[in-house]
Amino acid sequence: MPIDTTLRSATISVLVENEPGILARVVGLFSGRGYNIDSLTVAPVEDGRNRSRINIVTSGTDMIIQQIKAQLDRLVPVHRVSDLSTDGPHIAREMALIKVLGTGEKRVEALRLAEAFRARVVDATTGSFIFEMTGATDKLDAFLDLMRPLGLAEVSRTGVAAIARGTRII
Amino acid sequence: MSQTHAAPQETVQPEMQAGAEVLLRALKEQGVEVIFGYPGGAVLPIYDAIFQQNAIRHILVRHEQAAVHAAEGYARSTGRVGCVLVTSGPGATNAVTGLVDALMDSIPIVCLTGQVPTHLIGNDAFQEADTTGITRPATKHNYLVKRSEDLARVVHEAFYVARSGRPGPVVIDLPKDILINKAPYTAAATTEHRSYRPVTAPDAGQIAKAVAALKSARRPMIYTGGGVINSGQAASDALIKFVRKTGFPITNTLMGLGAYPSNDKQFLGMLGMHGTYEANLAMHGCDVMLNIGARFDDRVTGRLNAFSPNSRKIHIDIDRSSINKNVPVEIPIVADAGLAIEALLAAWDNEPAEVDTASLAKWWEQIETWRALDCLKYTQVQTKGGIIKPQYAIQRLYDITRESGRETFISTEVGQHQMWAAQYYRFDRPKHWMTSGGLGTMGYGLPAAMGVQVAHPDALCIDIAGEASILMNIQEMSTLAQYRLPVKVFILNNQYMGMVRQWQELLHGSRYSESYTAALPDFVKLAESFHGVGLRATSVDQLDDVIREMIASDRPVIADICVDQKENCFPMIPSGAAHNEMILGAEHGNRAPGVTDDGMALV
Ligand SMILES: Cc1ncc(C[n+]2csc(CCOP(=O)(O)OP(=O)(O)O)c2C)c(N)n1
Ligand SMILES: [Mg+2]
């Protein structure tokens, strides 16, 4: 069988038992086997059931992404693994806090663009803004590109949280 | 409702015992009969509990690495989980090589490691190591027990994880206060594990597809590995039935030897880097390949883009991540090897299509021409004083042990002697061959043989060794003496790290950098100093007598077999070459394709 060498991005959600070392196990698997992590989020999600959800954005050939799924799935504390990017339509969002320093014309322009992108102002001084913005990764990237010449000073991003559309659950 | 029923429900308080007692009780419930271990401060409470009971035997090794290898030998020869006990810090770090070895070769082990008390963890306390951190990539799973109420559950779970699905090593890190404090005992859970539930039954649709593909084959090939061994005797029995029924040729990986009787005419020998000419060419030329419980390891495939280029591939593996990892396959089947072979057998008779017997006969004709080359041929001079060929030494060992009629287990170290053992010793049943395949750990064979001998006190347990490898765990001769374990160490002494020397000869202009061991010990005296028997053969006329004396002895023996120092191990597929680019031995004029630059960079 011919090997498909085209790279693709994948958003993988992993439902895990929330036990000590689980994140190290998942991250160690990626570094140990040479897989990429473009973004990673983790938080407890099911009250009382002691479970966390890890969302990982990674990239590779289809064979590698299948391999990543299989490797994750065989970790003992892993309940479920889903490649949201192939299992059907899904929503992926991340949040960023963006600090822009500047005065005068540039400051006005930054605020104008923020409104256009629906970024909220969560802090302001005469020399700075902090914008809060939620959206798909590429939307955040586009906004940050625009802010760069306008005094972008610092960014804090959450990484991607993702979920399948419709009635499907992980 | 009567009065008695209305009384408030009394919650049954589980019995409380010291953690170490709870631990031993859980081990007993898990069927542990033997622990291979070494004491230290952090595990003294366990040793105290061991002292006060008789159900579990403790074998005191001389190095923690050896404890794990011994448990591997025990596990592999019995099908049970091997159990290891080591102290914190250096005890745990010494065990790491054994753990990775067991991980690579899918051997079920539970390793108990001592740890500093919970309140000291993270303080760089004396003999503290981050054992769960260090062993995370060295184990299938690991646990740090931080609460007494988790202790019994974790022990039961560790055994479940070690033996289920693709088996492997599991570490339980036990802080000293957990061992001392009172803990409740709970029996093993009867419910399913909350997250780890490996698939073992094959999908019927995939089995049907596999049978259809196999029946349409004109040049079929069956390739099986350690998964068949791990699955148990029933899997080997089913494999033999299936191979006979189909009439197809079969090859085994290094880890899979013994699953199919190697004297059978349908067996083409081992495949891979030092596999037979016929096995490798049949893999290269087949049109349908059935892989059962093997993992397309690089030692088997050679150059990936040239590996069996024209075959449709079926892959049965209990570990989904082994499928499509290196080699894309058309028909994946996630299942236990034994269950899958049973399913193939059942489906074979239900599928109306017939095997193309004319094509199969032609395929066998082709295979026979390859076999006729006799790729393992070598010449042994029989005149008195003649130098012993290592191949001949193995062949005689095989003949004489077989004549003796005794149940024989063979382990090896790592190097040329290991490959010669795989090539010239003929295995005819599973679980009698222990070798470090995936990790290639020098120092594996002696402790592994020790573990086998503990499990099979009356059997003949032989470590086929190299003089370099044997020194890596030679201290275990002392353990053999203490427990009167009559393990035989059969050293093919070529005074070189032969396998290293062979690569230097092939790839580095015969510059034998650091591959000669000067100042080797006198192995005969060494054996004697360890209360064993030392024997030596320096020429071919002495060989049989030494082997006979060795196997007749009821004590540990080191037989120092001085063999031809220049001999190399052939056939060989150099790293980065394809199966049809094999180098053959001197008997065949060393036909070679040459090594590519890319191949030089490979290991
Ligand atoms: C722990 C360890 N260190 C190094 C190696 C690399 N290595 C593989 S074979 C070999 C030489 C083994 O020599 P010997 O035991 O004499 O066996 P021979 O090849 O001569 O039969 C070495 C150093 C290894 N496999 N394991
Ligand atoms: Mg040697």
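Every number in this text was worked out from the coordinates using simple rules, so none of it is lab data. Since we're looking at a predicted model, the values are computed, not measured. Cβ: placed from backbone, ideal geometry, glycine included. Neighbour counts: every protein chain shown.
Rounded to the nearest 10 degrees, what's the angle between the helix B:233-246 long axis and the longest principal axis of chain B, both from Cα atoms, 0 to 90? Helix B:233-246 sits roughly 30 degrees off the main axis of chain B.
Mean per-residue shielding of peptide B:316-329 is 4, counting Cβ atoms of other chains within 10 Å of each Cβ. Placing dummy labels 7 Å off each Cα toward the beta-carbon, the span from B:Leu60 to B:Glu351 is 5.8 nm. Ordering B:Gln502, B:Val524, B:Met582 by the projection of their Cα atoms onto the charge dipole of region B:472-603, which places +1 on the Cβ of Lys and Arg and -1 on the Cβ of Asp and Glu, puts B:Val524 at the extreme positive end. Applying the criteria of a DSSP loop state and at most 12 other Cβ atoms within 10 Å to the GluC sites (Glu not before Pro) of region B:120-222 yields B:Glu192.
Angle of helix A:104-116 to the longest C-alpha principal axis of chain A, folded into 0 to 90 degrees and rounded to 10: 40°. When both bridge partners sit in chain B, DSSP labels roughly 5% of those beta bridges antiparallel. Measuring against 20 Å, Cα to Cα, the residue pairs B:Lys431/B:Lys488; B:Lys241/B:Lys431; B:Lys488/B:Lys566 contain B:Lys488/B:Lys566 as the ones spanning a longer distance. The charge dipole of region B:189-341, taken about its Cα centre with unit charges on the Cβ of Lys, Arg, Asp and Glu (plus for the first two, minus for the last two), comes to roughly 300 debye.
What the phi angles of region B:48-62 give under the Karplus curve with 6.51, -1.76 and 1.60, with θ = phi - 60°, is a coupling list of 5, 5, 5, 4, 9, 8, 10, 5, 10, 8, 10, 9, 7, 7, 10 Hz, glycine and proline written as x.
Charge dipole (Cα centre; +1 on Lys/Arg Cβ, -1 on Asp/Glu Cβ; no other charges) of chain B amounts to roughly 600 debye.
Legend: mean number of C-beta atoms from other chains within 10 angstrom of residue C-beta atoms, peptide A:15-24, equals 2. Computed from the Cβ-Cβ distance with R0 of 22 Å, the FRET efficiency linking A:Glu46 to B:Glu192 stands at 0.75. Among beta bridges identified by DSSP and lying wholly in the protein assembly as shown, the antiparallel ones come to about 45 percent.
From helices alone, chain A scores -8500 deg cm²/dmol at 222 nm; the rule is -39500 (n - 2.57) for each run of n ≥ 4 DSSP H residues, then divide by the residue total.
Simple spin-label estimate for B:Lys182 and A:Ser156 gives 4.8 nm between the two label positions (7 Å along the Cα-to-Cβ direction from each Cα).
When peptides B:226-232, A:46-52 are ranked by their average number of other Cβ atoms within 10 Å per residue, the highest-first order is B:226-232, A:46-52.
Helix B:64-78 and the longest principal axis of the C-alpha atoms of chain B enclose an angle of approximately 70°.
In this structure, B:Leu304 and B:Phe51 have a Cβ-Cβ separation that, at R0 = 51 Å, corresponds to a calculated FRET efficiency of about 0.40. Shown for the protein assembly as shown is the translational diffusion coefficient from the Stokes-Einstein equation, using the Kirkwood radius over Cα pairs, a temperature of 10 °C and a viscosity of 1.306 mPa s: 55 µm²/s. Modelled spin-label separation between B:Arg429 and B:Arg406, with each label point placed 7 Å from Cα along the Cα-to-Cβ direction: 1.6 nm.
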